[in-house]
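Data block below; observations after.
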Amino acid sequence: MDQQTLIFLGPQGSGKGTQSKIFEDTLKRIDPLREVVHFEMGKNLRELANKESYTGKLLSEVIYQGELVPFNISSCVFSNHLVEHLTSDCHLIIDGFPRSEEQMPVVDTTMAFYKRVQVTVLYIDIPDEEGVERLLKRARSDDTEKNIRKRLAWTREEWGKILARFDANPIYKVVEINGVQSVEEVHREILSKLGLS
């Protein structure tokens, strides 16, 4: 199969993390000889926040308060992961980046530098109330209803701008996915829209 470069986006609670992991497993099954590099912004930020460092302490406070992680920190985490793990032939899955319009130049220049000229953006959409309900069920310490609604509000504000930027650049193909389905149904829709089913 062709080399895949996919960006999973969607509001908090949309299931993009779950779907990106399922898709990673699918790629490993149907193309076992090619490595899959999977970047998960939320996981990488939480790992950094748990470190016994000044940056970790400050980041932990930002996450706990439900604030947006500063541009330079999230961009650095993203770039460092690719520098350490990316190879010329691997599949690349990006989960949860970019999160704001100001991060778009980082994505654009990264794709150009690594010669990724066909990138699929999978936007998994759900209503805010569905997102709040799902996130409260997972019971993470930073998932108070106030923090969830705060994150959803700034996320919604940015998605229109981000998707418009992706639409305007011919290297990206934006595919919208209905996130208000079972995990299996969402995965099937992704495979169908990517021509892999």
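Per-residue Cβ neighbour counts within 10 Å put F166, F23, F8 in the sequence F166, F23, F8, beginning with the fewest. Centre-to-centre separation between the Cα atoms of the range 169-197 and those of the range 118-161: 18 Å. Sequence-distant contacts, meaning Cα pairs under 8 Å at least 6 residues apart, place the relative contact order of the chain at 33 percent.
Provide the net charge surrounding W159, with neighbours chosen by a C-beta distance below 10 Å and charges set as Lys +1, Arg +1, Asp -1, Glu -1. Its environment carries a net charge of -1. Cβ crowding within 10 Å, taken as a proxy for footprinting-reagent exposure, orders M104, M111, M1 from fewest neighbours to most as M1, M104, M111. The trypsin sites (Lys or Arg not before Pro) of the range 17-78 that meet both conditions, a loop assignment by DSSP and at most 15 other Cβ atoms within 10 Å of the site Cβ, are R34, K51.
A Gaussian network model of the chain, with springs between Cα atoms under 10 Å, assigns the largest mean-square fluctuation among E84, E130, E67 to E84. Among the trypsin sites (Lys or Arg not before Pro) in the range 105-140, those located in a DSSP loop and surrounded by at most 13 other Cβ atoms within 10 Å of their own Cβ are K115, R140. Charged neighbours of L92, selected by a Cβ distance under 12 Å, balance to -1 (K, R count +1; D, E count -1).
Close Lys pairs in the range 1-145 (alpha-carbon distance under 24 Å; sequence gap of 8 or more, or different chains): 11. Name the shape class, rounded, prolate or oblate, that the alpha-carbon gyration tensor gives for the range 118-189, where a ≥ b ≥ c are the square roots of its eigenvalues, rounded holds for a/c under 1.5, and otherwise prolate holds if a/b is larger than b/c and oblate otherwise. Since a/c reaches 1.5 but b/c is at least a/b, the shape of the range 118-189 is classed as oblate. The mean of 1/r over all pairs of different alpha-carbon atoms in the chain, once inverted, gives a Kirkwood hydrodynamic radius of 17.3 Å.
Bear in mind these aren't lab numbers, they're just calculated from the coordinates by the rules spelled out. From a predicted model like this one, the values you see are computed outputs, not experimental measurements. Ideal geometry is used to build each Cβ from the backbone, glycine not excepted, and the neighbour counts take in all protein chains shown.
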